[in-house]
Amino acid sequence: MSAAPRFLVPFEQGLLAPAESLLVIRPAEGLGLSGFDNVTIEQGFFPVARALEAAGFSVVPRAGGRFGMVLVNLTRSKAENLANIARAAAMSTGPVLVNGAKTEGIESLLKAVKKVAPVEVLSKAHGKVFWFAPVPMPEAWQAAGAMARNRDGFITAPGMFSFEKVDAGSAMLAPCLQGLKGRVADLGAGWGWLAAQALGPDVSEIVLFEAEHMALEAARQNLRDPRVRFEWADVLALPKQGPFDVVISNPPFHQSRAADPALGVGFIHAAAQLLAPRGRFLMVANRQLPYERALDGAFRKVGMLAQEHGFKLFEARNPKA
Ligand SMILES: C[S@@+](CC[C@H](N)C(=O)[O-])C[C@H]1O[C@@H](n2cnc3c(N)ncnc32)[C@H](O)[C@@H]1O
């Protein structure tokens with residue numbers, strides 16, 4: 001078996017030929033696309049989008065128009081995947097390919113698509129690639145991925161962090177956000193709930209830094225206030241800016257499926273760099289994640305405000321940076 005990425009196998013075996021234009025939805029970095037001309041990439045996750053741009057690809061957060069072929073790479077959200085398959089079928093004049101691992105639910109998506117269209121399938125490396133000629137997909141698939149008001153009254157969509165309701169960790173941080181003053185930054189702001197709690201009368205500006213483009217679009221709808229700025233950005237690689245009086249965060253802890261404390265550690269360092277010398281960092285984290293050393297390394301004063309329901313709440317002051 002060749003070492004080529006899974007989606008390339010049907011091309012290598014002569015079952016498919018490259019079309020005159022290709023749209024690739026949600027690829028990871030370094031997908032082996034070198035044999036294709038005229039490639040557009042849809043990637044809303046900022047760090048991956050920038051890496052693909054640096055590799056010479058044309059990248060958009062959300063694609064529109066028509067393409068000779070569309071390749072959908074799966075995310076962990078079934079509703080988002082169904083919506084992307086439906087969008088791909090609407091945008092493609094040729095085959096639609098779906099590429100994913102078993103852990104991303106490729107089997108159940110294959111079953112669903114088989115009910116709507118004749119499908120070709122190849123298996124490789126704990127996953128599958130399947131393809132079909134575009135036909136109209138069930139309307140419910142597009143609708144399943146659409147933005148809608150969640151049970152807390154905020155606009156969200158499947159695939160976003162805690163899209164159905166406010167995260168328990170964020171809810172625990174919220175009471176500490178009353179009465180904030182000056183310039184505030186929210187690192188990994190998602191669809192904007194924490195920032196909305198922080199936006200009291202004495203806040204002069206709040207900047208939402210978020211890597212997922214869709215989540216930031218939702219936040220734009222949730223926070224209609226002239227003091228709010230939205231930055232599609234990688235918190236781990238922010239250009240120098242600020243200083244901020246307060247930084248708040250419920251940092252991400254997953255890179256794909258595995259818990260990755262390095263992400264939160266990177267957010268702690270970013271907070272220290274953004275803050276004014278007398279600034280304050282308020283952070284909530286899962287109890288089992290080891291952030292104490294990073295906080296002590298980056299700030300002169302660190303305190304734990306609370307520890308309950310599986311979360312720890314930290315306040316760190318006076319960055320060493
Ligand atoms: C734990 S969630 C918190 C979301 C939101 N603040 C809340 O309370 O619901 C972390 C957020 O960080 C975002 N994120 C992940 N990696 C990031 C990065 N490198 N830069 C900026 N945001 C990132 C995720 O998309 C996610 O929305």
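What follows is calculated from the coordinates using simple rules that are stated; it is not laboratory data. Keep in mind that this is a model prediction, so the values were computed, not measured. With ideal geometry, Cβ positions are generated from the backbone for all residues, glycine too; neighbour counts draw on all protein chains shown.
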5 Å-binned pair-distance histogram of segment 44-102 (Cα, whole percent)
4, 17, 23, 25, 23, 8, 0
Just how large is the dipole of the chain about the Cα centre, in debye to the nearest 20, putting +1 at every Lys and Arg Cβ and -1 at every Asp and Glu Cβ?
480
Could you work out how much longer the chain between residue 164 and residue 241 gets when fully extended? Use 0.36 nm per residue separation minus the Cα distance between them, nm to one decimal.
24.4 nm
Report, as a whole number in µm² per second, the diffusion coefficient that Stokes-Einstein gives for segment 6-144 at 20 °C and 1.002 mPa s using the Kirkwood radius over alpha carbon pairs.
144
With +1 on the Cβ of every Lys and Arg and -1 on the Cβ of every Asp and Glu, and nothing else charged, how large is the dipole of segment 1-126 about its Cα centre, in debye rounded to the nearest 20?
480
At what distance in nm do the modelled label points of residue 278 and residue 93 sit from each other, each positioned 7 Å from its Cα along Cα→Cβ?
6.4
Using eta = 1.567 mPa s and T = 4 °C, Stokes-Einstein with Kirkwood Rh from Cα pairs puts D for the chain, in µm² s⁻¹, at 61
What percent antiparallel are the DSSP beta bridges of segment 6-144, to the nearest 5?
40
Out of the trypsin sites (Lys or Arg not before Pro) in segment 3-73, which ones are loop residues according to DSSP with at most 12 other C-beta atoms within 10 Å?
62, 66
With DSSP loop assignment and no more than 16 other C-beta atoms within 10 Å, the chymotrypsin sites (Phe, Trp or Tyr not before Pro) in segment 275-308 are none
Between residue 133 and residue 103, what FRET efficiency follows from the Cβ-Cβ distance if R0 is 25 Å, with the result rounded to 0.05?
0.35
Farthest towards the positive end of the dipole of the chain, among 79, 15, 177 and with Cβ unit charges of +1 on Lys and Arg and -1 on Asp and Glu, lies the Cα of 177
What does the convex hull of the alpha-carbon atoms of segment 148-319 project to on average, in nm²?
9.0
Taking Cα atoms of segment 128-184, Rg/Rh with Kirkwood Rh, to two decimals?
1.23
Taking a ≥ b ≥ c as the square roots of the Cα gyration tensor eigenvalues, with a/c under 1.5 meaning rounded and otherwise prolate when a/b beats b/c, else oblate, which class fits segment 1-68?
oblate
Environment charge at residue 6 (Cβ cut-off 12 Å; Lys +1, Arg +1, Asp -1, Glu -1):
+1
Once both label points are put 7 Å beyond Cα along the C-beta direction, the residue 60-residue 38 separation in nm becomes 1.5
